[in-house]
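Encoded as structure tokens, the structure appears first; notes follow it.
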Amino acid sequence: MIRSSRTGRGHADRGGRRAGTASAAVAVLALVAVTAGCRAEPAGSASAAPSSPPASSSPTDDAKPGTDGTRSATPSASTKPSASPSASPKTTPKSTPPADPQAEVLMASGSQGKQVRELQARLRQIGHFDRTPTGYYGSVTVTAVQSFQGKRGLSRTGKTDSVTWQKLLGMTHTPTAAELNPPTTRPAAKPDKRCMTGRVICISKNSRSLSWMIDGKVVSSMDVRFGSQYTPTREGIFSVYWKSRHHVSSIYHTAMPYAMFFSGGQAVHYSSDFAARGYNGASHGCVNVRDEGKIASLFTQVRNGDKVVVYK
């Protein structure tokens with residue numbers, strides 16, 4: 001994301017104030033593309049990496065399959081339906097039980113915090129949540145809760161009410177520290193040799209991990225994602241030149257909490273979109289972190305001037 005234009009530093013929209021000819025306007029648009037903002041982009045968007053087109057549907061997609069695995073043919077007008085009394089009766093589909101009106105909603109989409117992290121860890125214990133707990137209640141958590149509710153005969157609301165929570169508590173154990181805060185979803189990469197001295201934010205694109213290192217030792221690691229192929233995260237050696245705890249992009253008007261700027265408008269920052277949807281999206285060049293607790297801790301330790309290494 002691009003930080004506020006009022007600071008006058010590293011902003012892609014500064015050139016918009018210059019009066020000039022049509023060629024100057026083209027130069028400004030080029031500058032915007034080079035500096036690369038950091039708003040999260042959904043997969044398949046104009047700025048995200050292209051994805052395979054969805055298969056087209058046909059008018060017969062809702063036809064019932066035949067016993068041999070093919071779709072059953074529509075009976076002709078001359079064919080009379082059987083009136084045999086021995087024909088088996090239609091099976092009535094099970095109805096979804098109504099939600100308990102007395103149940104208090106404890107957590108729902110958009111909630112975040114320690115209890116959400118515990119919910120995710122407990123769901124993971126019994127196979128309903130297949131990711132590292134993030135502490136953010138996004139679409140993945142909603143689906144996991146619906147799965148748990150459906151298996152236990154509860155209304156599939158996707159919201160964690162008091163009935164759902166008590167049922168989950170009875171089936172799981174109190175999560176350990178490692179279950180609540182695993183190092184990363186995927187193993188952190190072997191540090192680049194440029195990360196082995198001093199205070200370094202060491203970022204691997206291949207492993208999609210960030211390691212905070214001091215004098216060659218890994219202090220903490222976390223999952224990260226990057227810009228799309230059209231707005232790539234720059235690689236090389238940089239340094240943190242500005243920290244902004246509650247930063248909001250002046251171009252996209254989206255939040256960039258715990259932003260640590262290292263190259264123009266590109267920064268390491270927390271992304272609620274990454275926490276909710278994982279790698280189904282991309283940034284406009286920033287390094288997104290999905291674990292808010294981990295980047296909050298990192299933000300307090302990093303100083304202006306600390307080295308940043310981004311490598312393949």
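Considering only residues that are more than 18 Å from VAL308 (Cα to Cα), among the hydrophobic types (A, V, I, L, M, F, W, C) and crowded, with 17+ Cβ neighbours inside 10 Å, which ones fall in segment 228-254?
ILE251
Scan (1) touching a residue at least 12 places away in the same chain (Cβ under 8 Å); (2) of a type in the set (Val, Ile, Thr); (3) more than 23 Å from ALA267 (Cα to Cα) for the single condition ILE201 breaks and write down its number.
(3)
Among the candidates ALA276, ALA282, which residue alone is closer than 18 Å to GLY138 by Cβ and assigned to a strand (DSSP E or B)? Spell out the reasoning first.
On the way: ALA276 fails: assigned to a strand (DSSP E or B).
Going through ALA276, ALA282 in turn, the sole match is ALA282.
Between ARG194, ARG208, ARG234, which is closer than 15 Å to LYS312 by Cα, among the basic types (Lys, Arg) and at pLDDT below 95? Reasoning before the result, please.
Numbers: ARG194 fails: at pLDDT below 95; ARG234 fails: at pLDDT below 95.
Being closer than 15 Å to LYS312 by Cα, among the basic types (Lys, Arg) and at pLDDT below 95 holds for just one of ARG194, ARG208, ARG234, which is ARG208.
When you check VAL268 against the structure, is it hydrophobic (A, V, I, L, M, F, W, C), surrounded by 18 or more Cβ atoms within 10 Å (Cβ to Cβ) and within 17 Å of LYS312 (Cα to Cα), yes or no?
On the way: hydrophobic (A, V, I, L, M, F, W, C): yes; surrounded by 18 or more Cβ atoms within 10 Å (Cβ to Cβ): yes; within 17 Å of LYS312 (Cα to Cα): yes.
When the stated conditions are applied, VAL268 passes them.
For segment 123-150, enumerate the residues that are in contact (Cβ under 8 Å) with a residue 12 or more places away in the chain, over 16 Å from ALA108 (Cα atoms) and part of a helix (DSSP H, G or I).
Answer for segment 123-150, where residues must be in contact (Cβ under 8 Å) with a residue 12 or more places away in the chain, over 16 Å from ALA108 (Cα atoms) and part of a helix (DSSP H, G or I): ARG124, GLN125.
Report the residue count in segment 285-309 for those that are touching a Cys at 6+ places or on another chain (Cβ under 9 Å), crowded, with 20+ Cβ neighbours inside 10 Å and part of a strand (DSSP E or B). First the steps, then the outcome.
Quick first cut of segment 285-309, residues touching a Cys at 6+ places or on another chain (Cβ under 9 Å) only: 285-288, 307-309.
With the extra rule that they be crowded, with 20+ Cβ neighbours inside 10 Å, the set shrinks to 285-288, 308-309.
Next, only the ones that are part of a strand (DSSP E or B) stay: 287-288, 308-309.
Result for segment 285-309: 4.
Quick one: would you say THR174 is part of a loop (DSSP other than H, G, I, E, B) and farther than 29 Å from SER263 by Cβ? Steps first, please.
On the way: part of a loop (DSSP other than H, G, I, E, B): yes; farther than 29 Å from SER263 by Cβ: yes.
Taking the combined requirement at face value, the residue satisfies it.
Under 7 Å between Cβ atoms, at least 6 apart or on separate chains: pull out the pairs that start in segment 228-255 with a residue that is at positive phi and end on any residue that is at pLDDT 95 or above.
GLY236/VAL310
Considering only residues of segment 170-198 that are basic (Lys, Arg) and touching a residue at least 24 places away in the same chain (Cβ under 8 Å), which is surrounded by the most Cβ atoms within 10 Å (Cβ to Cβ)? If you could, list the steps in order and put the result at the bottom.
Taking segment 170-198 as the starting set, the residues that turn out to be basic (Lys, Arg) are 186, 190, 193-194.
If we keep only those that are touching a residue at least 24 places away in the same chain (Cβ under 8 Å) too, we end up with 186, 194.
On the way: ARG186: 12, ARG194: 14.
Here the answer is ARG194.
For segment 122-160, give me each residue that is on the phi > 0 side of the Ramachandran plot and either buried (at least 22 other Cβ atoms within 10 Å of the Cβ) or aliphatic (A, V, I, L, M) (or both).
Keep residues of segment 122-160 that are on the phi > 0 side of the Ramachandran plot, which gives 127, 135, 153, 158.
Hit for segment 122-160 is GLY135, nothing else.
Quick one: which residue in TYR241, TYR279, TYR252 is of a type in the set (Ser, Thr, Tyr) and within 27 Å of ARG131 (Cα to Cα)? First the steps, then the outcome.
Working: TYR241 fails: within 27 Å of ARG131 (Cα to Cα); TYR252 fails: within 27 Å of ARG131 (Cα to Cα).
Only one candidate qualifies: TYR279.
Does VAL268 fit the bill of being touching a residue at least 60 places away in the same chain (Cβ under 8 Å), in contact with a strand residue (DSSP E or B) (Cβ under 7 Å, 6 or more places away or on another chain) and outside any loop (DSSP other than H, G, I, E, B)? Break it down stepwise before answering.
Numbers: touching a residue at least 60 places away in the same chain (Cβ under 8 Å): yes; in contact with a strand residue (DSSP E or B) (Cβ under 7 Å, 6 or more places away or on another chain): yes; outside any loop (DSSP other than H, G, I, E, B): yes.
Answer is yes for this residue.
The values are calculated or read from the model by the stated rules, or taken from the named source; none is laboratory data. Values in this document were obtained by computation on a predicted structure and should not be read as measured data. Neighbour counts run over all protein chains shown; Cβ positions are idealised from the backbone, glycine included.
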